[in-house]
Every structure is written in C-alpha cells, then in structure tokens.
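Data block below; observations after.
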Amino acid sequence: MGTVVMHSVMSVDGFIADENDQVGPLHDWYFNGDTPITQGGDQQYDHSGAGSVFKVSRASAAYVRPMWEAIGTIVMGRHLFDLVNGWEGKPPAGDHVVVVSHRPKPEGWHPEASYHFVDGVTAAIDKAQKLAGDRTIGVNAGEVGGQILAAGLVDEVALDVVPVVFGSGKRYFGSIDGQHLLEDPHVVVQGHGVLHMRFKVRR
C-alpha cells in the first residue's frame, strides 16, 4: 500500500490560511525562483488557472517534483473542494481525488473526473489506497487531515513552512485533540522563502 502523507504550506505559527481562507504570502515561493516544476516530461504544473507556471528555487524543485509525481490519490475535505471547485476536475497531482463529505458530488459536476465522495476519514483512506495502489496518498492539511492523523492513518507529515506569522486562521492540524508524536525530520530542505520538512509519525 502507498504511504499516506499529510501535506500543506503553513505559516511559522501553524496556519494554512486566514479566517477568510486567504493564503496571503504562503504561496509566494511557488513563483520566486527560476526553475519550473514539470510533470511527466515537459508538461508544467499550473494550478492557478491563469497561466502562471510554478517557478521555484532549484532546491524546492528538487524536493517538490518527485513528491508530487509520487502521488496517486489526493484526499481532501468538502470545504476545500467547494473553495476551489475541485480544481475543475483536474487534480494538481495524481489521478484520483477522494472527498470527505456528508453531501454527494454536485449533480452534473465533471462526470469524467475520478472524484469519489465518502462520508468518513477511514472510508476515505480505504478508498484512496485502492485507487492509488503503491503510489502515495496525499492528504490535505486542515480539519480533515487532522482527523485522519488522530485516527492513526497518517504515515508522514510534510510541512512547507513560510516565514510569516498569521496570528489566527485555519490551523494545519485543524482542531485536533491530544498529543501525537513524530520522529525527527528525515527531510529538511531550505528553499527560497520556504523550509521543507518531512516527519514520520511515531507508532
């Protein structure tokens, strides 16, 4: 089975967005370098929908490219799905998306897209594992990600830490309760305007 990696960009004080779901400078590092992040050859990532190709530092590109290429399935919450309209049926990485939601997929929404709606985090990871095979399951941070971690279903936590303090907003781990131990970081990469770290979850 694939590794389950919880991942997002966050502020130094642990927020992935402000109270209004605005990310402020958290994504600036995607555009402050000279190295495009390509996928499968020359195809370039463009999650903005505005033709703004990601260009990051060489260090960030060397870290991000293989990480994104390894993803087979993304797991996300309904709130993020609604915010980005499911990236219009084209996931930013991988081939499949599992949405944790008590509501079904919007009627008529991109029927060609491999998006699957389930009503719990355990069911979401089970479905994601079946879809991903041996590839990585990328779990978006936030409330749903925190619930998946609390359920003991996350193998690694990946942080892209940006030098900004939000003070308040949407937390990386959501409203998770209790203490959860991680191993020492096995990956630490200094990019331009971002620090990339990965931690294995202690069992």
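The values are calculated or read from the model by the stated rules, or taken from the named source; none is laboratory data. Model, not experiment: these values are computed from the prediction. All Cβ positions, even for glycine, are placed from backbone atoms using ideal geometry, and neighbour counts span all protein chains on display. For the accessible areas, the whole protein counts, side chains as well, though only heavy atoms, and no ligand, DNA or RNA atoms are used. Shrake-Rupley method; radii C 1.70, N 1.55, O 1.52, S 1.80 Å.
Listed values, structure above:
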read-out: Segment Val53-Ser168, length gained on full extension (0.36 nm per residue, minus Cα span); value: 38.4 nm
read-out: Long-range amide H partners of Gly120 with built H, under 5 Å; value: Ser101
read-out: Sequence-distant residues sharing a close amide H with Gly191 (under 5 Å, placed H); value: His196
read-out: Accessible area per residue in Å² at 1.4 Å probe, computed on the chain; value: 50 Å²
read-out: Per-residue HN-Hα couplings for the range 118-127 [Karplus 6.51, -1.76, 1.60; θ = phi - 60°; Hz; x = Gly/Pro]; value: 10, 9, x, 6, 5, 4, 5, 5, 4, 5
read-out: Val12-Gln179 FRET efficiency (beta carbon distance; Förster radius 25 Å; 0.05 resolution); value: 0.75
read-out: Test item: Cα-centred dipole of the chain, Lys/Arg +1 and Asp/Glu -1 on Cβ, debye; value: 340 debye
read-out: Linear extension gain, Ala123 paired with Arg203, 0.36 nm per residue minus alpha-carbon span; value: 26.7 nm
read-out: Sulfur and carbon atoms: percent of accessible area, the chain [1.4 Å]; value: 50 percent
read-out: Cα gyration tensor category, rounded, prolate or oblate, for the range 161-203 with a/c compared to 1.5; value: oblate
read-out: Set Lys55/Lys127; Lys55/Lys105; Lys55/Lys200 screened for pairs whose C-alpha atoms are more than 30 Å apart; value: Lys55/Lys127; Lys55/Lys105
read-out: Sequence-distant residues sharing a close amide H with Leu182 (under 5 Å, placed H); value: Arg202
read-out: Residue-count net charge about Asp34 - beta-carbon cut-off 10 Å; Lys, Arg +1, Asp, Glu -1; value: +2
read-out: Top positive-direction residue, dipole computed over the chain with Cβ charges, set Asn140, Phe199, Met1; value: Met1
read-out: Backbone HN-Hα couplings from phi across the range 68-80 [Karplus 6.51/-1.76/1.60, Hz, Gly and Pro as x]; value: 5, 5, 6, 6, x, 9, 9, 10, 9, x, 5, 4, 5
read-out: Separation in nanometres of the label points that stand 7 Å from Cα toward Cβ, at His186 and Phe31; value: 3.5 nm
read-out: Using θ = phi - 60° and Karplus 6.51 cos²θ - 1.76 cosθ + 1.60, couplings along the range 18-26 (whole Hz; Gly, Pro as x); value: 7, 5, 9, 6, 8, 8, x, x, 4
read-out: Mean Cβ neighbour count within 10 Å, used as a protection proxy, ranking 176-187, 136-147, 86-97 highest first; value: 136-147, 86-97, 176-187
read-out: Helix-derived mean residue ellipticity, 222 nm - over the chain, DSSP H n ≥ 4, -39500 (n - 2.57), to 500; value: -6000 deg cm²/dmol
read-out: Label of the coordinate-derived value, percent of Cα pairs over 26 Å apart, listed as (i) 42; (ii) 30; (iii) 34; value: (ii)
read-out: Mean separation of Cα contacts under 8 Å (6+ apart) over length of the chain, as relative contact order %; value: 31 percent
read-out: Extended-chain gain in nm, criterion 0.36 nm per residue less alpha-carbon gap, Gln22 and Leu83; value: 20.9 nm
